[in-house]
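A quick write-up on the structure given underneath.
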Amino acid sequence: METSCDETSAAVVDESGIRGLAIASQDAHAAFGGVVPEIAAREHIRSLDAMVRHAMREAEVDHADIAGVGVTAGPGLVGALLAGVNWAKAYAFARGLPLLGVHHMEGHLFGTALEHEGAQPPFIGLLVSGGHTLLLEARAWGRYRLLGQTRDDAAGEAFDKVARRLGLPYPGGPQIQRAAERSAAARGAAARGAPGRFRLPRPMLSRRDLPGDPAYYDMSFSGLKTAVARIAGDLEEEGALADAVDDLAAEFQEAVVDVLAEKTRRAVEQTSCRRVVLGGGVARNSRLREGLAERLGTSGELYAPSPRLATDNAAMIAAAARFRMARGERSPWSLNAEAALAFPGLA
Ligand code: KG4
Ligand code: ZN
């Protein structure tokens with residue numbers, strides 16, 4: 001079960017992979033320009049039974065076939081998480097099954113591994129979502145070393161906030177990508193790779209950064225958002241913002257991709273770990289996948305999830321739960337939702 005934000009999802013997973021997966025994306029939030037926590041929790045409660053039925057029907061399994069229950073216990077919106085945690089606890093208790101609370105971001109790593117046989121430790125993990133931006137080294141499943149993270153806004157959060165400032169609807173990530181594609185098409189193939197009309201900073205990226213500095217891997221996206229807002233404000237005064245939205249969105253996306261791709265390249269270089277596993281909603285961004293592949297070149301091997309598994313889903317949570325249950329881990333019946341749950345297994 002996955003209910004940490006605005007996707008209600010249930011899945012059935014076994015050793016062969018995904019047997020059944022149902023995802024309901026809540027559209028009730030669009031009118032508010034962002035996720036409304038109270039609405040999210042209520043929608044989860046309404047959809048959970050149906051999602052479980054769908055996933056089980058697709059998997060062609062019965063309740064008696066289920067061997068364990070995994071559920072996202074955090075991080076996320078606490079009310080939304082509670083809907084899933086309570087459902088999972090009730091189901092597991094009633095059926096006498098083991099229960100396991102999963103960390104949502106660790107789940108994203110397992111999501112990519114569900115689709116790619118090669119996405120196995122040791123690897124560098126780049127997790128980019130609406131709430132988190134993490135660069136880590138996975139030495140084994142469940143054994144991680146945090147290399148860097150954002151010091152302020154998450155990458156997806158920056159996409160969403162910049163989109164909002166440019167007058168694009170929520171969620172902003174896909175809208176920015178589309179605007180950037182329009183900008184590229186208008187500028188023509190000849191302009192590919194050439195600097196465009198706007199130039200934004202690449203925060204926390206300098207040739208003088210040295211391995212060992214925390215800044216070598218850390219990121220920051222809040223200043224970038226402010227830089228966009230300042231340019232947008234000036235353009236607005238001249239009545240020129242509408243015509244500039246696509247180009248500005250394109251440059252913003254380039255700046256985020258440059259930072260993420262270079263930090264990841266550094267991690268590959270410093271750890272001699274060739275494999276890179278990408279996860280989280282922002283992994284849907286095709287320019288990010290392209291930029292990472294370009295920057296890594298032949299020194300890296302990129303594993304990216306398909307759009308379906310990049311988005312929040314229960315298959316990745318079930319896969320993470322299966323791994324931990326196989327090691328004998330169980331959550332107690334007192335399992336609770338934790339909005340700021342710490343990443344498990346960090347050295
Ligand atoms: O992992 P996710 O589905 O939910 C969280 O765990 O937060 O990530 C959602 C984030 C949102 O910020 C959304 O704008 C972003 O992923 N996103 C994208 C794209 N599609 C979704 N960001 C950039 N480009 C995209 N195509
Ligand atoms: Zn997520």
Ranked output for segments 333-339, 291-297, 147-153, 307-313 by mean other Cβ atoms within 10 Å, highest leading, reads 307-313, 147-153, 291-297, 333-339
note: segment 202-347, Cα-Cα separations exceeding 28 Å make up a percent value of 38 percent
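State the antiparallel share, in %, of DSSP beta bridges confined to the chain, rounding to the nearest 5. Mind showing how you got there, number by number?
On the way: 21 of 36 bridges.
Counting DSSP beta bridges with both partners in the chain, the antiparallel share is about 60 percent.
Peptides 100-107, 76-83: what's the order by average Cβ count within 10 Å, highest mean first?
100-107, 76-83
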Length gained if R53 through R330 is fully extended, taking 0.36 nm per residue and subtracting the Cα-Cα distance, is 97.3 nm
What the Cα atoms of segment 1-96 span along the principal axes, largest first and in whole Å, is 41, 24, 20
Whole-Å distance linking the alpha carbon centroid of segment 268-347 with that of segment 124-171 is 11 Å
Computed over the chain: longest principal axis from alpha-carbon atoms vs helix 172-187 long axis, angle to nearest 10 degrees, is 40 degrees
Compactness check, segment 230-304: C-alpha Rg relative to the 2.2 N^0.38 Å globular estimate gives 1.41
Rg/Rh of segment 27-80 (Cα atoms, Kirkwood Rh), to two decimals, equals 1.07
Calculated from DSSP helices alone, with each H run of at least 4 adding -39500 (n - 2.57) and the total divided by the residues of the chain, [θ]222 nm to the nearest 500 comes to -14500 deg cm²/dmol
Cα convex hull volume per residue for the chain, in Å³, equals 134 Å³
With bins of 5 Å, the percent of all Cα-Cα pairs of segment 25-160 per bin from 0 is 2, 8, 14, 18, 19, 16, 14, 7, 1, 0
Assertion target for F123, F343, F159, ordered by fewest C-beta neighbours within 10 angstrom first, is F343, F123, F159
Quick calc of log₁₀ I(q)/I(0), segment 129-231, Debye, one scatterer on every Cα, no solvent, q values 0.24 1/Å, result -1.26
GNM on the chain, Cα springs under 10 Å; top mean-square fluctuation among R19, R165, R327 goes to R327
Straight-line reach check, K263, cutoff 27 Å on alpha carbons, 8 or more apart in-chain or any other chain, hits among lysines -> K161, K225
Per DSSP, the loop-located trypsin sites (Lys or Arg not before Pro) within segment 246-290 having at most 16 other beta carbons within 10 Å are R274
Computed over segment 264-347, the relative contact order (Cα-Cα under 8 Å, seq sep at least six) in percent reads 27 percent
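None of the figures in this text is laboratory data; all of them are computed from the coordinates on show. Note that the structure is a prediction, hence the values are computed from the model and not measured. Glycine also receives a Cβ, built like all others from the backbone with ideal geometry; neighbour counts cover every protein chain displayed.
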